[in-house]
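No lab work stands behind these numbers, since they all come straight from the coordinates. A quick note: this is a predicted structure, and the numbers were derived from the prediction, not measured. Cβ placement follows ideal geometry from the backbone for every residue including glycine, while neighbour counts extend to all protein chains displayed.
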Amino acid sequence: MTDDFATRRARARERLDAIDPQMAPGGVGADPMRRDWFEAVYALSEGDPAGVPWANLAPHPLLAQWLETQGRLDGLRALDVGCGLGDNAQALAEAGAGVVAFDLVARATNWARGRFPDSGIEFVAADLFDPPPQWRGGFDLVHECYTLQALPEALLPKAAKALADFVAPGGRLVVIARAREEGQEVAGPPWPLTRSQVESLAVEGLTLGTIEDLTTQQGVRHWRANFAK
């Protein structure tokens, strides 16, 4: 990230925080699913990726690291949840998976499709809480990075069920999220997850395999968790 990109990112983050109802008391009721705010993020970016706070134009380093340990994903059908500008989906595709990637905001999926026109990835605008019915049990690998931490805590059980429903029997769910201690107060969004919140994703036939407590090169603590069905 160049200094200029970082400066533009900081300005955009300030502007977006100012219009985010979740940053004010009682904001959960104003935009409980955060749909309006996510739409505003992409509209206000005006095509500048620095205006999208989670768009770093590279796959998340903890996903890239995980993929290096997995070998090829040839023949697997993968779902990338909350794909943003598509870098994580592209990493999955480069590892050999057939990838469907979705985001709540059509501007995001259109942008991602334009960035990776020859990837073979199916970029779809869809809602985590109201997905296409054919996705139920349809994926060998489901990847979720940073979507859960962007949701109010009251939505996490519903989100956990939605994620589990995507996983085929014998399939896996991989979750990457910022971490915090139990009982630690945070001023969000985003709201880093506690270990118990990550463990609570083991629903609808999912079992927790591993949960890693990791720190990125930027000094930010994360969870990386693997679940199997």
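Taking 0.36 nm per residue of separation and subtracting the current Cα-Cα distance, fully stretching the chain between SER200 and ARG113 would add 28.0 nm. For GLU122 and ARG35, the FRET efficiency from 1/(1 + (r/R0)^6), where r spans their Cβ atoms and R0 equals 30 Å, is about 0.85. For ALA179, the residues 5 or more places off, or on other chains, whose built amide H falls under 5 Å of its own are LEU193, ARG221, HIS222, TRP223.
Legend: calculated FRET efficiency, ALA228 to LEU57, from the Cβ-Cβ distance at R0 = 30 Å, rounded to 0.05, equals 0.45. In plain terms, the chain from THR210 to ARG15 could stretch by 66.4 nm, reckoned as 0.36 nm per residue minus the Cα-Cα distance. Label zone (MET1, point 7 Å along Cα-to-C-beta; backbone nitrogen cut-off 17 Å) within region 81-97: 84-88. Evaluating 6.51 cos²θ - 1.76 cosθ + 1.60 at θ = phi - 60° for every residue in region 156-163, the Karplus couplings come out as 4, x, 5, 5, 4, 5, 4, 5 Hz, glycine and proline recorded as x. Amide hydrogen proximity for GLY137: with H placed 1.01 Å from N in the peptide plane, the residues at 5 or more positions away or on another chain lying under 5 Å are PHE166, VAL167.
Each helix, a run of at least 4 DSSP H residues, gives -39500 (n - 2.57); summed and divided by the residues of the chain, these come to -9500 deg cm²/dmol at 222 nm.
Which distance in Å, rounded to a whole number, links the C-alpha centroids of region 130-146 and region 150-167? Region 130-146 and region 150-167 have Cα centres separated by 12 Å.
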